[in-house]
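**Student:** The structure under discussion is supplied below as structure tokens; questions concerning it will follow.
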Amino acid sequence: MERAMTANFIPKGVAHVAVPPVSEPLRMTFVLLPNFSLIAFSSAIEPLRIANQLAGQVLFEWEVLSETGLAVACSNGVKLQVDGPLGETRPKAMVFVCAGVEPEKSASRKVADWVRGQWRQGRTVGGLCTGAYALAKAGILEGRSFTLHWENLPPFMETFAHLRPLEQLYCIDGRILTSAGGAAATDLFIEIVAKNYGDRLADAVLKMCLHGQQRPADLRQRMSLSSTLGIRNPVLVAAIRQFEENLEQGVEIDALAEGLGVSRRQVERLFQRYVGMSPKQYLNGLRLERARALLTETDMPVAEVAYGCGFNATNTFTKAFRQRYGVSPRRLSSRHGGGAAERKGDGAPM
């Protein structure tokens, strides 16, 4: 039995944008996964509500589903009621999977199979925040441009080594639409409004959202290193960039300095002056951040995480991790379904 679309109403508002009468509204289906991002979901669905309100007619209809049809708790603990369980969707519907923290666990095989079925039926399929996990498990991202939240990029690429997500706000690749979550969902859905009902309405929705201006799809999710760290020194920025790109292999400081046209001593002075630590300490900090992400978002054994983040001995990694986070990597991994045995060894590469 076909479910009735929810929110088939037109909220009252003062602002108005003339839109030619629509004979058939664009249908949206949102699938909420456990621990989904509420900001990503609201940033996606609110532009649709505002578009209806501004136009004074139903341009968009939507329904909200969960795997079981029961209420779903988002990552901040708030529970949202849904319209029903996974099932049939309306013809030409656009289907969006909204996920959040621990996406590897929340994107079940049942959800992935359902998403693949929707794709095969010709639906447009999307992922919000970490919804790309479900799309990847469904096997529909091969050769596609897609994105997800930057925090989840390292564990995603460990889990799906054959896929390479882009670190940008959103991607539109044929019938695959993905957003990095947060406010980036608004940018994607403003684009959907524009493509279907014109730039004038899209601009009005943008203003109603107090979103400033629509950002381009390929804008990086994170600010540049110089903006993030408040650093303008090009040598230091280049050195940090090389660290980020070579966490596993490590970076030889002498070779790094030579490549940047400065002395090792100059590199060390720059790190002390601007970030208050040695190059080695900074690099190890980056490695531990990456390790924590892998332990919490994947089922990788502790030893694999250690070696994958550039530590050639698990006991050295364990000691450094405990000092930084106050908990052993084994215990953190156990909380999230890991708990692999730790191996002993000596030394760690720079």
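The values are calculated or read from the model by the stated rules, or taken from the named source; none is laboratory data. Quantities reported herein were computed from a predicted structural model and do not represent experimental measurements. Neighbour counts are summed over all protein chains in view; Cβ atoms, including those assigned to glycine, are modelled from backbone coordinates with ideal geometry.
**Student:** Looking at residue 280 and the list (1) surrounded by 13 or more Cβ atoms within 10 Å (Cβ to Cβ); (2) at pLDDT below 85; (3) in a helix (DSSP H, G or I), which single condition is not satisfied?
**Tutor:** It is condition (2) that residue 280 fails.
**Student:** Just to verify a result, which residue in segment 158-201, among those that are in a helix (DSSP H, G or I) and out of contact with any Leu (no Cβ under 7 Å at 6 or more places or on another chain), is farthest from residue 93 (Cα to Cα)?
**Tutor:** So, considering only residues that are in a helix (DSSP H, G or I) and out of contact with any Leu (no Cβ under 7 Å at 6 or more places or on another chain), the one farthest from residue 93 (Cα to Cα) is 159.
**Student:** Tell me whether segment 247-262 contains one or more residues that are among the small types (Gly, Ala, Ser) and touching a Gly at 6+ places or on another chain (Cβ under 8 Å).
**Tutor:** Yes, that holds for at least one residue.
**Student:** Consider residue 159 carefully, then state whether it is crowded, with 23+ Cβ neighbours inside 10 Å, assigned by TED's automatic domain parsing to the domain that holds residue 31 and out of contact with any strand residue (DSSP E or B) (no Cβ under 8 Å at 6 or more places or on another chain).
**Tutor:** It is false that residue 159 is crowded, with 23+ Cβ neighbours inside 10 Å, assigned by TED's automatic domain parsing to the domain that holds residue 31 and out of contact with any strand residue (DSSP E or B) (no Cβ under 8 Å at 6 or more places or on another chain).
**Student:** Further, regarding this structure: Could you run through segment 257-277 and say how many residues are exposed (fewer than 14 other Cβ atoms within 10 Å of the Cβ) and of a type in the set (Asp, Glu)?
**Tutor:** Looking only at that region, the number is 1.
**Student:** Tell me which residues, restricted to segment 105-126, are in a loop (DSSP other than H, G, I, E, B) and of a type in the set (D, E, K, R).
**Tutor:** Scanning segment 105-126 gives a single hit, 123.
**Student:** Out of the residues in segment 92-104 meeting the condition of being of a type in the set (D, E, K, R) and outside any helix (DSSP H, G or I), tell me which one is nearest to residue 73 (Cα to Cα).
**Tutor:** Here the answer is 102.
**Student:** Right, another one. Residue pairs, Cβ under 7 Å, 6 or more apart or interchain, first in segment 224-250 and in the same structural domain as residue 303 (by TED's automatic domain parsing) and of a type in the set (Phe, Trp, Tyr), second modelled with pLDDT of 80 or more and outside any loop (DSSP other than H, G, I, E, B). List them.
**Tutor:** 243/282; 243/283; 243/286
**Student:** Still on this structure, I have one more. If only one of 35, 76 is of a type in the set (S, T, N, Q) and within 23 Å of residue 135 (Cβ to Cβ), which one is it?
**Tutor:** 35
**Student:** Which residues, taken from segment 156-183, are of a type in the set (Gly, Ala, Ser), under 21 Å from residue 26 (Cα atoms) and in contact with a Ser or Thr (Cβ under 8 Å, 6 or more places away or on another chain)?
**Tutor:** Of everything in segment 156-183, just one residue is of a type in the set (Gly, Ala, Ser), under 21 Å from residue 26 (Cα atoms) and in contact with a Ser or Thr (Cβ under 8 Å, 6 or more places away or on another chain), namely 179.
**Student:** Condition first: surrounded by 12 or more Cβ atoms within 10 Å (Cβ to Cβ) and modelled with pLDDT under 85. Now tell me which residues in segment 247-256 satisfy that.
**Tutor:** Selection gives 247, 248, 250, 251.
**Student:** Inspect segment 222-239 for any residue being over 25 Å from residue 181 (Cβ atoms), among the small types (Gly, Ala, Ser) and either over 25 Å from the mean Cα position of the chain (by Cα) or part of a helix (DSSP H, G or I) (or both) and give the result as yes or no.
**Tutor:** Yes; the residues of segment 222-239 include at least one that is over 25 Å from residue 181 (Cβ atoms), among the small types (Gly, Ala, Ser) and either over 25 Å from the mean Cα position of the chain (by Cα) or part of a helix (DSSP H, G or I) (or both).
**Student:** In segment 146-156, which residues are of a type in the set (A, V, I, L, M) and surrounded by fewer than 24 Cβ atoms within 10 Å (Cβ to Cβ)?
**Tutor:** Correct list: 153 only.
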